[in-house]
């Protein structure tokens, strides 16, 4: 591995990063800031990953984005929590300082203030950015398996248990009271006064 | 010179690992005692070699040796010494060395503690550990060599991400690796058992301490990562269901199931095949996490290993270990005769329910994490699977799990009656109900949080009820019960403590469900009221740190005109790397956290984001209690019951 | 144990269940392999979000012109009754990759492709300086300083490039800087097809 190999590798990595992180920067109006967006990677990934991506310019937002009416603001927050900041990892627009996230936060609040329902606001954003923007995947054929996972896992597990018990059943369950040998074994293992 | 020494030690370790993979295994197959005995010293030698290598890398970092590419890429002379050293494992190559070091350490520990293991089992376990070690050493040597040199050396390094210059992140990876790699030991035991075609109570007894230790470390590792995200990222969140977080949660879930089913193997010799599968699964999921984080499939921008060769290498390793083990499982598992039958309602039955629910949650997290990738691969459609999905899909599974958690430990083995146990828990149910009603009455219509509080108190009361029941409270005098409680096996205490820890964590999570925040622009000297406090911004000033400059705000928090706390949130700017971070100021108390973040300054006003996070610290404290419970269990004399042979020998020697 | 039984179950069914973990692992492994291959040759990109507007006309909008450039402004009305396909490029002067891709835009303009631009969240003076310095490839240029119209298009960063057919329907979108490969493999062939 020569120096040049190393250098080339670095350059390649940088270019890839440039194409991805900076490359598609959804920066704000500040011309000096070619700011990579807040791509928070999860605390664990960060240990390895954030090394190559500059973290957010951690601005915490603008007061004008908040609605005066606390009920409306709460609703806007609930909607925002369901919408993904497209340039970040699995982060909602409420938890991100990417400029796109800020714009979307603002749009959500404007619409809420105008009296739009949660569904209408979600539909507005969904129309523009597609399924990817929804942190809760919509029910459709392609997500059927995903949404069915809890039920499938439970039923599959129950089936496996039922099979295992049936396999054992021909020989009978055996005496269901603990035998004296088992009792002593347990007592020795547990030291439990009751066992 | 020193980096070359480290490199050489690494190659030496690989050679030792080759020997460790074959000699003991061959010995075990042939019944050759001397070959079998070679496993333990080889493991120790490998540990020493990797230790030297790791020390050499630390040396390169500590002295800021800019002729080493890895140091140039990840360090800088202006960094404080502590973070220079912790930076050693803050990058892909260095963290891999730490990974194999921990693995070799586990291997050496098996050699050290495993004196009472049958020599064939010890030999096979060491051989499997050697194979895992070999694969990852080869991975380091061929694709991620941290000792690569660069000439001429650049004047200084390129720095380290300021977010990583943090003590939380310095201890987080080692703990996590101790967890991940700890499951390599249970994996090795499972593979050895499959080769032998025999799993018995003794096997369960040897596996249990390792699964306890790994679980304990993983619990700590995950919770520290979550805590770090909470205080460092400045959004007040602690768990984001990020794919990388999920990757660490998966082995934890499988490991939790393993922890419980191994008890059944130990006590009743039932669930043997299942427990072996869980042991394989826990490590397979650890490896999956390693693959996801380092291969680039999760996110091409973020992943550290932008070199796809690394991804393919890890995938091949994954294929060899995981597919190999599962193939061995499919082939050999039928050889294990089912034994230790039990009725559905029994302690065993409770643990089966625990396993069913935990594995279903594992399946949900697994599918949810990988679904977008596979959907994109197969159809090109892009979807996001985020917190709303995971919360909605796991909560219905977690709720019955929590409800069963208090009941399970009180059931008798083999066959139990449910009703008497429920009668002994009626007061716990009352406490839970009271918590539910009180939350709704005091905090308003937050049904989920109220349900969470009910679960938390159900678990806490359940843990107390369990210990009280074992001690015979109500059946015997209090004094007598006290003595019995003191003499209860530590494993029983450990279980109760860990279950209570889960309750404490749920308490914190439910409290966070009631969190509020306020975003406000305040001029210096101005104030705002939030969460029953008056927050006065005294001023914002410049501040210079060792390798950063900062703007630091001073906020006085008052209640009824009395100063409660002074908070100093800041924004740091790191000229090297040109990055900014926010440092949230957090005031922790048992009732919760007050959390302040400094934002932009404009028109003479500073934007502040203030959070009130009720009960937040209990989330991580609960995790600590869980880990403590595991440690308590681990200290149980009976868990090392395999030791009597050795103890007798020791006593004989002492007597002589 | 006292009751170790040796039941003789139907081995085939029981064994099938034992192969389940291997099956899942193998399927996942094959999938990961395909992903890694796709990452290498660029066919799999976990970050490439497809546009939700493909096959649809662009949203209704009216953008002001960049005064100093003398270029006509851009609005949705311009997409009606097109003589041929149009390329729409979203860019900003503060965006480094926009500089990288700029020569490709200039080449498109030289080839007589109708190229319209949207200047995203920029300052007029700096946008003009960018065009003066690197050349102006655009026939029309709308200024979207608030970035709202860009959001209506589903833009999530700059640069982004769209291709519309003569019916004014969005046929192609790429988020990120144009590269020589993209130009030769996607952009130019598509434009030729749409012109035919």
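The values are calculated or read from the model by the stated rules, or taken from the named source; none is laboratory data. Quantities reported herein were computed from a predicted structural model and do not represent experimental measurements. With ideal geometry, Cβ positions are generated from the backbone for all residues, glycine too; neighbour counts draw on all protein chains shown.
So which of B:234, B:197, B:225 ends up being more than 9 Å from chain A (Cβ to nearest Cβ) and either crowded, with 24+ Cβ neighbours inside 10 Å or over 21 Å from the mean Cα position of the chain (by Cα) (or both)? Let's see the steps before the verdict.
Numbers: B:234 fails: more than 9 Å from chain A (Cβ to nearest Cβ); B:225 fails: more than 9 Å from chain A (Cβ to nearest Cβ).
The unique qualifying residue is B:197.
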Would you point out which residue out of B:345, B:351, B:383 is within 10 Å of chain A (Cβ to nearest Cβ) and touching a helix residue (DSSP H, G or I) at 6+ places or on another chain (Cβ under 7 Å)?
-> B:383
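Kindly provide the set of residues from the range B:473-483 that are within 12 Å of chain A (Cβ to nearest Cβ) and surrounded by fewer than 16 Cβ atoms within 10 Å (Cβ to Cβ), ordered by number.
Going through the range B:473-483, the residues within 12 Å of chain A (Cβ to nearest Cβ) turn out to be B:475-476, B:480-481, B:483.
Hits for the range B:473-483 are B:475, B:476, B:480, B:483.
Report yes if some residue within the range C:43-64 is in a helix (DSSP H, G or I), more than 14 Å from chain A (Cβ to nearest Cβ), over 14 Å from the mean Cα position of the chain (by Cα) and surrounded by fewer than 16 Cβ atoms within 10 Å (Cβ to Cβ); otherwise report no.
As a first pass, look at the range C:43-64 and keep what is in a helix (DSSP H, G or I): none.
Within the range C:43-64, none of the residues are in a helix (DSSP H, G or I), more than 14 Å from chain A (Cβ to nearest Cβ), over 14 Å from the mean Cα position of the chain (by Cα) and surrounded by fewer than 16 Cβ atoms within 10 Å (Cβ to Cβ).
Results for (1) closer than 23 Å to residue B:215 by Cβ; (2) over 25 Å from the mean Cα position of the chain (by Cα), shown as yes or no for each residue.
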site	(1), (2)
B:445	no, yes
B:468	no, yes
B:473	no, yes
B:489	yes, yes
B:500	yes, no
Within the range C:114-150, track down each residue that is crowded, with 22+ Cβ neighbours inside 10 Å, within 19 Å of residue A:124 (Cα to Cα) and in contact with a helix residue (DSSP H, G or I) (Cβ under 8 Å, 6 or more places away or on another chain).
-> C:147
In the range C:77-96, what count of residues is obtained for those that are closer than 19 Å to residue C:172 by Cα, in contact with a helix residue (DSSP H, G or I) (Cβ under 9 Å, 6 or more places away or on another chain) and part of a helix (DSSP H, G or I)?
-> 0
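If I filter the range B:275-287 for residues that are out of contact with any strand residue (DSSP E or B) (no Cβ under 9 Å at 6 or more places or on another chain), at pLDDT below 90, closer than 30 Å to residue B:165 by Cα and within 13 Å of chain A (Cβ to nearest Cβ), do I get at least one hit?
Taking the range B:275-287 first, the residues out of contact with any strand residue (DSSP E or B) (no Cβ under 9 Å at 6 or more places or on another chain) are B:275-287.
Restricting the remaining residues to those that are at pLDDT below 90 gives none.
No: the range B:275-287 contains no residue that is out of contact with any strand residue (DSSP E or B) (no Cβ under 9 Å at 6 or more places or on another chain), at pLDDT below 90, closer than 30 Å to residue B:165 by Cα and within 13 Å of chain A (Cβ to nearest Cβ).
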How many residues are in contact with a helix residue (DSSP H, G or I) (Cβ under 9 Å, 6 or more places away or on another chain) and more than 23 Å from residue B:613 (Cβ to Cβ) when one looks only at the range B:517-569?
-> 2
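Return the residues of the range B:288-316 that are part of a helix (DSSP H, G or I) and either in contact with a strand residue (DSSP E or B) (Cβ under 6 Å, 6 or more places away or on another chain) or modelled with pLDDT under 75 (or both); say none if nothing qualifies. Spell out the reasoning first.
First, pick out the residues of the range B:288-316 that are part of a helix (DSSP H, G or I): B:288-295, B:308-316.
Correct list: B:308 only.
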Please indicate, with yes or no, whether at least one residue in the range C:97-109 is more than 24 Å from residue C:148 (Cα to Cα) and outside any helix (DSSP H, G or I).
-> no
Check on residue B:338, over 22 Å from the mean Cα position of the chain (by Cα), within 12 Å of chain A (Cβ to nearest Cβ), buried (at least 20 other Cβ atoms within 10 Å of the Cβ) and over 22 Å from residue B:242 (Cβ atoms) = yes
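Has the range B:146-158 got at least one residue that is part of a helix (DSSP H, G or I) and within 14 Å of another protein chain (Cβ to nearest Cβ)? Before the answer, list the steps.
Initial filter on the range B:146-158 (part of a helix (DSSP H, G or I)): none.
No, the range B:146-158 contains no residue that is part of a helix (DSSP H, G or I) and within 14 Å of another protein chain (Cβ to nearest Cβ).
Determine, yes or no, whether residue B:459 is in contact with a helix residue (DSSP H, G or I) (Cβ under 6 Å, 6 or more places away or on another chain), part of a helix (DSSP H, G or I) and touching a residue at least 40 places away in the same chain (Cβ under 8 Å).
Criteria met by residue B:459.
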Of the residues in the range B:388-433, those that are more than 14 Å from chain A (Cβ to nearest Cβ) and without any contact (Cβ under 8 Å) to a residue 12 or more places away in the chain come to B:419, B:423, B:426, B:430
Given (1) away from chain A (no Cβ under 11 Å); (2) within 29 Å of residue B:449 (Cβ to Cβ); (3) assigned to a strand (DSSP E or B), residue B:468 misses just (3)
Of the candidates B:108, B:138, the one satisfying the condition of being surrounded by 19 or more Cβ atoms within 10 Å (Cβ to Cβ) and part of a helix (DSSP H, G or I) is B:108
By my count, helices (runs of 4 or more DSSP H) wholly in the range A:36-144 with at least 1 residues that are buried (at least 20 other Cβ atoms within 10 Å of the Cβ), more than 7 Å from chain B (Cβ to nearest Cβ) and modelled with pLDDT of 90 or more are A:70-81, A:99-113, A:118-129
The one condition residue B:249 fails out of (1) part of a helix (DSSP H, G or I); (2) facing chain A (nearest Cβ under 9 Å); (3) farther than 22 Å from residue B:125 by Cα is (2)
Would you call residue B:275 assigned to a helix (DSSP H, G or I), touching a residue at least 24 places away in the same chain (Cβ under 8 Å) and more than 13 Å from the chain's Cα centre (by Cα)?
-> yes
